[in-house]
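The values are calculated or read from the model by the stated rules, or taken from the named source; none is laboratory data. Here the structure is a predicted model, which is why all the values come from computation and not from measurement. Here the Cβ positions follow ideal geometry from the backbone for every residue, glycine too, while neighbour counts run over all protein chains shown.
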Amino acid sequence: MDCKVEAGEDTVRITVAGRIDEAGAEDLKEHLQGVDTSNLKDAVIDLGQVTYLGSAGVGKLLLFYKAVASREGRVSIVNIPSEIYQHFKRVKLDDIFVLRAAP
C-alpha cells in the first residue's frame, strides 16, 4: 500500500493506492496519525487506486474521522471503486463520510 499526504493550512488530501488489508491498514494508520488535525477543516481521502479495502482499513478511516470531526472538520472519501463504494453504502458509512464513487 502506498500513501501520499498533501497538507495545506487547514486542508489535507490523502491519496492511497494498493491493498488495504491488515498490513496495509497499519501503514494507513501511521500516515493518518501523522496528519495534524488541530486546525483541519477539510480532509479528502482519494481511494481511486485502491484494489481492496478490508475491515481493518475501514476501522482506521473511522478513527481518523473521529479525530477530524471532534474539531468540527469534514472527511470526504472520493474516487471510490464501485465494489468498495457499494460496501460503504451497505454499512451506512455515507451517514458519516461524504462519499463520491469513482467516475
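Data for the structure
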quantity: Among the residues listed as ARG13, ARG19, the single one being within 11 Å of the chain's Cα centre (by Cα) and surrounded by 13 or more Cβ atoms within 10 Å (Cβ to Cβ); calculated: ARG13
quantity: Selection within segment 48-103 - part of a strand (DSSP E or B) and on the phi > 0 side of the Ramachandran plot; calculated: ASN79
quantity: Residue that is farthest from TYR85 (Cα to Cα), among those in segment 38-47 that are in a strand (DSSP E or B) and of a type outside the set (A, V, I, L, M, F, W, C); calculated: ASP42
quantity: Sole exception among (1) farther than 14 Å from LEU28 by Cβ; (2) over 10 Å from the mean Cα position of the chain (by Cα) for SER76, by number; calculated: (2)
quantity: Selection count, segment 64-85, where residues are surrounded by 12 or more Cβ atoms within 10 Å (Cβ to Cβ) and polar (S, T, N, Q); calculated: 2
quantity: Any hit, segment 18-32, residues being aliphatic (A, V, I, L, M), in a strand (DSSP E or B), at pLDDT 95 or above and closer than 22 Å to ASP94 by Cβ; calculated: yes
quantity: Qualifying residue in segment 41-57 (condition: under 9 Å from the mean Cα position of the chain (by Cα), of a type in the set (D, E, K, R) and surrounded by 13 or more Cβ atoms within 10 Å (Cβ to Cβ)); calculated: yes
quantity: Extreme residue, surrounded by the most Cβ atoms within 10 Å (Cβ to Cβ), among residues of segment 27-40 that are touching a residue at least 24 places away in the same chain (Cβ under 8 Å) and more than 15 Å from TYR65 (Cβ to Cβ); calculated: ASP27
